Every structure is written in structure tokens, then in C-alpha cells.
1. Out of the trypsin sites (Lys or Arg not before Pro) in segment A:35-98, which ones are loop residues according to DSSP with at most 15 other C-beta atoms within 10 Å?
2. Report the normalised scattering of segment B:19-103 as log10 I(q)/I(0) at q = 0.10, 0.16, 0.23 Å⁻¹, calculated by the Debye formula with identical scatterers on the alpha carbons.
3. In the Gaussian network model of chain A, springs joining C-alpha atoms below 10 Å, which of A:32, A:61, A:90 carries the largest mean-square fluctuation?
4. Would you mind calculating the relative contact order of segment A:1-68 from Cα pairs under 8 angstrom and at least 6 residues apart, reporting the percent as a whole number?
5. Below 8 Å, C-alpha to C-alpha, sequence gap of six or more: please give me the relative contact order for segment A:56-122 in percent.
6. Using only the Cα atoms of chain A, what semi-axes does the equivalent ellipsoid have when each is the square root of 5 times a gyration tensor eigenvalue? Give whole Å, largest first.
7. I need the GluC sites (Glu not before Pro) found in segment A:18-123, filtered to DSSP loop residues with at most 10 other beta carbons within 10 Å of theirs.
8. Given a cut-off of under 8 Å on Cα pairs at least six residues apart, what relative contact order in percent is computed for chain A?
Amino acid sequence: MIRGQVNAARQPIISLQIFGAEGRSETVEAVVDTGFDGSLTLPPELVARLDLPFGMTRPYVMGDGRTVEIDVHRTRILWDGRERDVDAVVTTGGVLVGMSLLRGYRLLVDAEEGGEVLIQPRT
Amino acid sequence: MFDTQSVPPIPWVNMSHPEYTKEQIAGRGKSIYEQQIRSHVETHHTGEYLVINIETGEYELGEDKLAVSQRAYARFPGAPLYGMRIGCRSWGQIGSHEPMPEP
């Protein structure tokens with residue numbers, strides 16, 4: 001089970017450990033974004049610091065309806081106590097956790113500042 | 001842990017494959033799709049995820065985007081890859097708005 005908290009901007013936030021090259025890792029705050037159908041977005045500075053290897057280029061539709069070609073880099077994260085290989089979409093919009101990472105889980109959010117965020121396996 | 005490319009750590013430059021920009025990969029990927037792949041896949045594989053090695057034209061294809069990506073990484077290590085979804089304008093969407101129509 002993953003626990004987090006709703007911040008002052010009323011976004012559901014969880015802590016996420018991201019692993020990179022040569023044993024490096026960083027712990028980041030991630031917004032759980034149910035409008036994102038992928039797994040993870042990461043900012044370019046963090047991708048560079050962790051030296052995450054290039055994966056592929058893909059088109060994504062953004063919130064304003066534009067289609068943009070974006071690079072995806074490969075990483076490993078700690079998710080619910082287990083290491084997991086994840087493709088990270090490199091964008092400047094902060095760290096987002098999306099519906100692909102939530103597959104098989106139930107998301108509960110007390111939608112107020114300081115409210116609890118729970119991500120629990122469905123079975 | 002990874003067989004990393006020697007990408008220089010310049011965070012203000014868009015990260016990419018060491019030899020190709022994302023524009024080059026996307027351009028070449030779309031071109032290969034139109035010329036070499038589309039006629040073989042569009043009839044029966046609409047909606048499936050496709051990852052193209054833009055140097056060889058080889059590809060991986062399937063309904064599970066995570067599985068297709070992992071197969072492509074294993075089969076084409078270090079290659080410049082272009083991912084797309086057959087019959088759709090994007091692989092996915094970031095940001096809440098009206099859902100993309102399913103193909």
C-alpha cells in the first residue's frame with residue numbers, strides 16, 4: 001500500500017524513489033494525475049542527473065489538444081515495495097504518476113488540503 | 001544497472017538519443033511506417049502499439065504497450081526507436097481533456 005497526502009494546491013502527492021545509473025537515486029514528490037494514461041513523467045534535469053538512458057520517441061496529445069513528439073527515458077522505481085521498470089516521459093510539467101502505474105490498484109483521495117491519499121492493491 | 005549511453009549531462013538541452021534528435025526519430029519513424037509497414041498492419045492491427053527501429057525498419061507490435069516497449073528494448077538495445085499507435089495520432093495523452101476516441 002502506498003500512502004500520500006493532498007498538498008495546499010489540492011493535488012494528491014506521493015513520494016517516489018527513482019533509480020538511475022551507478023547506484024544513484026532520488027526521492028521525488030509525484031502528483032497522481034488520473035488524466036495521464038501513461039506511467040510516469042520526469043523533468044529533464046532529473047533525467048540528466050540520474051543519467052537515465054534514452055528509450056524511444058513517441059507522440060503524445062497534450063492538455064490543449066496539440067500532438068507533440070516527446071522522448072521517453074528508461075528508469076526503475078520503487079512502487080509499493082517492489083522495483084519496477086518504467087518508461088518516463090520527459091516533460092517540464094513536474095513528476096506525474098498516471099493510470100498505467102495505477103493498474104491493479106485502487107486510488108482513494110480525501111480531497112482537501114492535508115487529506116489522505118491511499119493506493120492499495122485491488123486484490 | 002543500465003548499459004547507459006554517454007549522454008552529456010546538460011539539463012537545459014532536450015534529452016535524446018546520442019545520434020538523433022527527437023524530430024529526426026519521429027520524421028524517420030513516420031516515413032518508415034507510411035512506406036514499409038502501414039499496408040501490412042492497418043487492416044488487422046488498428047489500435048495496437050508499434051515500436052520501430054528507425055535504423056533497420058524492424059518493429060515490434062502488440063496490444064499491451066508496456067510489453068511491446070520491453071520487447072523492443074530487449075530486441076533493439078541502444079537503437080533509435082519510434083513508438084506509435086496504429087490508426088491513432090498519439091501513443092497516449094498527458095493532461096485531462098476529452099478522452100481520445102478509440103480507433
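Readers should treat all values here as calculations from the given coordinates under stated rules, not as data from a laboratory. Predicted model, so just to flag it, every value in this text is computed and none were measured. When we count neighbours, we look across all protein chains shown, and the Cβ atoms used for this are built from the backbone with ideal geometry, even at glycine.
1. Filter output for segment A:35-98: A:66.
2. -0.24, -0.61, -1.18
3. Evaluated over chain A, the most mobile residue of the options is A:61.
4. With pairs under 8 Å counted, the relative contact order is 21 percent.
5. 18 percent
6. Its equivalent ellipsoid spans semi-axes of 23, 18, 14 Å.
7. A:112
8. After rounding, I find 35 percent.
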